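A.B. asks: Got a structure here, written out as C-alpha cells. Questions coming.
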Amino acid sequence: MNEAGNLYIDLQKNLIKDGPKFLSHTLIVKEHKAYLKPTISAMLFCVVYIVIGFFLISLASYVYYDSAKLDLAIFLGGFGIAIGTFGVSLIQPFLKNASFDKSTGLFENSSDRNVKLARIVSLQINNKVVLRKQALNYSCFELNMLTKSGRRINIINHNNLPQLTADAEKLADFLQVELSDHCRQIIL
Amino acid sequence: MKKIQQLLALMMLAFSANTFAAEGSGFSGVVASLSSAVDGFFNDYTGWFVSLIFKSVPIGGANFPIIVAWLLLAATIFTVYFGFVQFTRVGMSIDIVRGKYTDPNSKDDGEVSHFQALTTALSGTVGLGNIAGVGAALAIGGPGATFWMILCGLLGMASKFCECTLGVKYRTILPSGAVSGGPMYYLSRGFAEKGMGGLGKALAVGFALMCILGSFGGGNMFQANQAHAMLTYAFDVPSEYGVITGVVMAALVFSVIVGGMPSIASVTEKIVPWMAVLYVGMALVVIVANFEQIGAAFTAIFDGAFTGAGVVGGFIGALIQGLKRATFSNEAGVGSAAIAHSAVKTKEPVTEGLVSLLEPFIDTVVICTMTALVITIAGLNSAPFDGAGLTGVTLTAASFTETAEIFKYLLALAVIMFAFSTMISWSYYGLKAWTYLFGEGVTAELTFKIIFCFFVIVGATIQFGAVIDFSDAAIFAMSIFNIIGLYFLMPVVKQELASFVARVYSGEIKRFD
C-alpha cells in the first residue's frame, strides 16, 4: 500500500484481467520519444481472422453468383462478416500507439486521457495468471504507471517477462522515474 | 517419449504418402481418393487397436463390447460404494452451485466459481454427442437405446463425482503458474501415496497416450466431420468440399491454441452456452408443438428398450448403442472432465465432485432425452434399425426440420459452434496429456498444436468409417486406465465426502443463505 494524501493505492493490484499469451509490443526509444511498437506475430494472429472473414465473404459471393444458393451465401457471408469484424476489432488496440513524448511533454494513448510526463511518479511491474476455461492457464505481466493524482494506467500487458522488464527499465530511464517490481506469488 | 513423437510423425508421413499416391480426376476425384486413402490408412494401421478396444463377447444374439460392460460395471460399483451419492446428495450439489457454501465476502479476482466451472464443463459436454451421437444411437439401436442412455447417465453421475473429486485433490501447479490436474496426476500421485508409484506411473502414461489419441479422434476429427456433414445436409454443400470447412476451422483453431488470443477464447466461452440454450429451446419447441405424441414416444422408448424390435441383437443391441453413445456424450468414467474441473478454485475437492455429478444428468438424462424425443416424434427413424438410412447429425437435423424448416439453419450454426468449442476443449485435454508425457516447452507444445490442426482438416475431409471407429476406440480406451485408478482411489473420495458432510452438519463449514 502506498499513501498519497488520504488516498490508499494498492500497487499490487492488476489493472487488466486478461492478457495475450505472446509478446504483443516492444518499447522503442528515439531521442525525445518512447513509443510502443506491435510485434509482427501479434499482428499476424489478428490478420488470420481478417483473411478468413474476407475469404468467406468472397466465397459467399461466388456461391451466390455461381449457383444462386441464397441460404448458403447468407450463412457464409454472415460468418465471414462476424469473423472479419472480430479480426478488425482485435487488431485495433495493436495499431493504437502509446507514446511518451518529451517534446510535447505528454503521454498519449487512445484509451486514456493524456498525462503530462511531469505528473508520472513511478512505474510498476505486476503479474497475474490468466485463467482460461477451455485452455491452459498462463502467466501474464503488466507494466503500469502511477500519476501524482493517484491514477494508475496500464502501459504494456503481455506474457514475456524478460522483454517487459527490459522495456520497463528503458522507460524508467527515459522518464527518470522509479521502477518497482510488484510481482507476487499467486496460489490458485 | 521421443519415440512416440517420431511414431506420430511417421504416421502423418505415411498418411501423406498414401494421399499423394491417390489418383483421381478433378477436385472431386482427388478428394474422394484422399478420403479413401485416409480411411484405408486408419483401417490398416489402427484396425487392430479398434478391434482390441471393442473386443466383444456374444450375448443374446449380439456382440457385447467388453469395454461397455467395463464402464457400466464401474458406474454401478461407484453408485453403490458412495451410497447412491447422485440421489442422496443432489440437494447439496445444487446448493454448492448456488453458492450457499461460498463466503460472498471472500471472492477473489479471477476466481472460477463452482457455477462457472459447471457451465464451462457443460458447454464442453453439451455438443455433438447430444446431437449427432443420439442420432447415431437411435439409427442403430432404435428408440429403446434412449432408455439405456438415461440409465447410463444416471449411473455415470457417480463415476464423474469420483474422478472430478480426485482431479482437484491431486492437481499440481506447474512452473508456469498453470494448474494441471486430471487422471495423469491422480494416477501417479495417488498411487505413489499408496506405495504403488510404479503402477500409477504406468497407468498415467497409458491414459495420457489414449487421451492424445482421443483428442485427435473424438475431440477433433469427429467434430470437424460432423460439422461438415451438417453443412452438407443444410445447404447441399458437396461432401468433397469438406477440405474448405477443414482449412477454415483449422485456421481458427490454430489462432486460438497457437496464438493464445484471449479474446477469441472469451468469445467462444460466451457464445457456446447460448448455443446450448438455442438447441434446448428448439427441442422444446418441437416437443411442445407435438405434445400429443409425447406419450407414444415414451412408449416406443420403453418398449424398444426391452424388446429391441427391429434392432440387430434385440434389446442387447439397443442397450449397447445406448450405453456407447451416452458415454461418448457425457464422458463419465473417461477422465476428460477431471482435467477441466481441476482448474477450479476451491479448498474442498469434494465440492467440485458434487458439482460435476450434475453434468451427466443435464447432458444425458435431460438433453439427450430431448433429442431422442424429437427424433422419435418426427418418425423418420423406422425399423429395421441398421443405420442404412439417415444417421448421426443428419437424422437429428432432418427430425428437427420436420417441425420447422428454419431449424436446420439454426442447427447448422449450433453444430459449428459446438464442434469448434469441443475442439478447443479437447486440444486442452490433449495438450495436458502431451505436456505430461513430453514436459512443458515451446517446441513440444507447438508440435502437438500443429498435429492437432492438421487432424481438423483430415476430419472434415474424410467420410464416416474407420476414422470414426478409431475416434470412438481412443475415447473409450481412456476409461481403461482411468477406471483402474478410480477403483484404487475411491476410498480417498469416500473419506473426503464423509469429512465434508460431517463438517457441514457440525457447522464448521458455514452456509450462507
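The values are calculated or read from the model by the stated rules, or taken from the named source; none is laboratory data. If you're wondering where the values come from, they're calculated on a predicted model, not measured in any experiment. Quick reminder, even Gly has a Cβ in these numbers, built from the backbone with ideal geometry, and neighbours come from all protein chains shown.
A.B. asks: Hand me the list of strands (runs of 3 or more DSSP E) wholly inside the stretch A:33-145 holding 1 or more residues that are among the β-branched types (Val, Ile, Thr) and away from chain B (no Cβ under 13 Å).
C.D. replies: A:120-130
A.B. asks: What pairs can you find where one residue is in the stretch B:38-52 and at pLDDT 80 or above, the other is surrounded by 15 or more Cβ atoms within 10 Å (Cβ to Cβ) and not in a helix (DSSP H, G or I), and their Cβ atoms are less than 9 Å apart, with a gap of 6+ or different chains?
C.D. replies: That search, which allows pairs on different chains as well, returns nothing.
A.B. asks: List the number of the failed condition for B:PHE254; all other conditions in (1) at pLDDT 80 or above; (2) within 13 Å of B:ILE416 (Cβ to Cβ); (3) not aliphatic (A, V, I, L, M) hold.
C.D. replies: So the condition that B:PHE254 fails would be (2).
A.B. asks: Still on this structure, please answer the following. Which one is surrounded by the fewest Cβ atoms within 10 Å (Cβ to Cβ) among residues in the stretch B:242-257 that are over 15 Å from A:PHE54 (Cα atoms) and at the interface with chain A (Cβ under 8 Å from one of its Cβ atoms)?
C.D. replies: Top of the filtered list is B:PHE254.
A.B. asks: Just need a number here: residues in the stretch B:335-361 that are more than 11 Å from chain A (Cβ to nearest Cβ) and hydroxyl-bearing (Ser, Thr, Tyr).
C.D. replies: 3
A.B. asks: Give all pairs with beta carbons closer than 7 Å in which a residue from the stretch B:328-341 that is more than 18 Å from B:GLY217 (Cα to Cα) meets a residue that is of a type in the set (A, V, I, L, M) and in a helix (DSSP H, G or I); count only pairs at least 6 apart in sequence or on separate chains.
C.D. replies: B:ALA338/B:LEU166; B:ALA340/B:ALA121; B:HIS341/B:ALA117; B:HIS341/B:ALA121; B:HIS341/B:VAL168
A.B. asks: Now a separate question. With under 19 Å from B:PHE328 (Cα atoms) and of a type in the set (Val, Ile, Thr) as the only criterion, which of B:VAL467, B:VAL442, B:VAL458 stands out?
C.D. replies: B:VAL467
A.B. asks: Okay, moving on. In the stretch B:116-155, which residues are at pLDDT below 90 and among the polar types (S, T, N, Q)?
C.D. replies: B:GLN116, B:THR119, B:THR120, B:SER123, B:THR125, B:ASN130
A.B. asks: Something else now. State yes or no: is A:ASN154 farther than 20 Å from B:VAL442 by Cα and within 11 Å of chain B (Cβ to nearest Cβ)?
C.D. replies: Considered against the rule, which asks whether it is farther than 20 Å from B:VAL442 by Cα and within 11 Å of chain B (Cβ to nearest Cβ), A:ASN154 comes out as no.
A.B. asks: Could you go through the stretch B:236-250 and let me know if any residue there is over 21 Å from the mean Cα position of the chain (by Cα) and at positive phi.
C.D. replies: The initial filter retains those residues of the stretch B:236-250 that are over 21 Å from the mean Cα position of the chain (by Cα), namely B:236-245, B:247-248.
Cutting the leftovers down to at positive phi gives us B:236.
Yes, the stretch B:236-250 contains at least one residue that is over 21 Å from the mean Cα position of the chain (by Cα) and at positive phi.
A.B. asks: Quick one: what pairs do we get from the stretch B:446-459, first residue closer than 14 Å to B:PHE420 by Cα, second among the polar types (S, T, N, Q), C-beta under 8 Å, 6+ apart or different chains?
C.D. replies: B:PHE452/B:SER215; B:PHE452/B:ASN220; B:PHE452/B:SER427; B:PHE455/B:ASN220; B:VAL456/B:ASN220; B:GLY459/B:ASN220; B:GLY459/B:GLN223; B:GLY459/B:ASN225
A.B. asks: Going through the stretch B:283-295 one residue at a time, which ones are farther than 17 Å from B:GLY129 by Cβ and either in contact (Cβ under 8 Å) with a residue 24 or more places away in the chain or buried (at least 16 other Cβ atoms within 10 Å of the Cβ) (or both)?
C.D. replies: B:LEU284, B:VAL285, B:VAL286, B:ILE287, B:ALA289, B:ASN290, B:GLN293, B:ILE294
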